[in-house]
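Comments concern the structure below.
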């Protein structure tokens, strides 16, 4: 009887874990001096995350080494455009500019890692930025778009408590995509961010095509 109870308990426990809450930590605007520090924390905590480089930030061989380390450590790489220039990439009179930058960045990352990256994090988000024309162009190129549903505010906050307060206000849904950057305060806050989501029973994952889900303001399931 006891053995049956223990077996049932662990079966139910396993199902709960398998169907539990998932959090995706995502880092925009890499590589920079803080990226290796973030990678070190993630390795120590045995967590996989998703990194979105800006193509024009990858200039030196040391920058390429960081991109290689991201891949070698088992994290996911995404696209964040070459320039991060909103006036340029979201120019309504030249809608093709965005996809052209994405293709250029795909080529760059592939030349470094051998991987053809297809997930795209729009600078400043897709809301009021990505047009239907641009969405069609991305679909034609096999590019997926991924916003976020939990902003940390690390781009504006000056201390960890404010970052944590902002994140906690985002709620605890079944799948949380957390927007982080690569600032000094991000490095300081990351252990607390990890601690918080662990305390809420989340499993940490990196983006993968097999588990991709729609997260864009256009509500376009193709992306």
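Every read-out reported here was derived from the displayed coordinates using simple, explicitly stated rules and does not represent laboratory data. A quick note: this is a predicted structure, and the numbers were derived from the prediction, not measured. Virtual Cβ from ideal backbone geometry, glycine too; neighbours counted across all protein chains shown.
Observations on the structure shown:
- Applying D = kT/(6 pi eta Rh) to the chain, where Rh is the Kirkwood radius over alpha-carbon pairs, T corresponds to 20 °C and eta to 1.002 mPa s, the Stokes-Einstein value obtained is 116 µm²/s.
- When restricted to Cα atoms, the range 170-223 yields an Rg and a Dmax of 13.5, 37 Å, respectively.
- Ordered by the count of other Cβ atoms within 10 Å of each Cβ, fewest first, 68, 121 give 68, 121.
- Under a Gaussian network description of the chain, with springs only between Cα atoms under 10 Å, the residue in 183, 94, 175 that fluctuates furthest is 94.
- Global form of the range 104-144, assessed from the alpha-carbon gyration tensor, a/c cut-off 1.5: prolate
- To the nearest ten degrees, helix 184-199 and the longest principal axis of the Cα atoms of the chain are 40 degrees apart.
- Computed over the chain with a Gaussian network model linking Cα atoms closer than 10 Å, the most mobile of 52, 204, 27 is 204.
- Each principal axis of the Cα cloud of the range 75-195 was evaluated for its coordinate range; sorted largest first, these ranges are 41, 33, 28 Å.
- Top of 145, 25, 108 by mean-square fluctuation, Gaussian network on the chain, Cα under 10 Å: 108
- Of 205, 198, the sequence from fewest to most neighbouring Cβ atoms within 10 angstrom is 198, 205.
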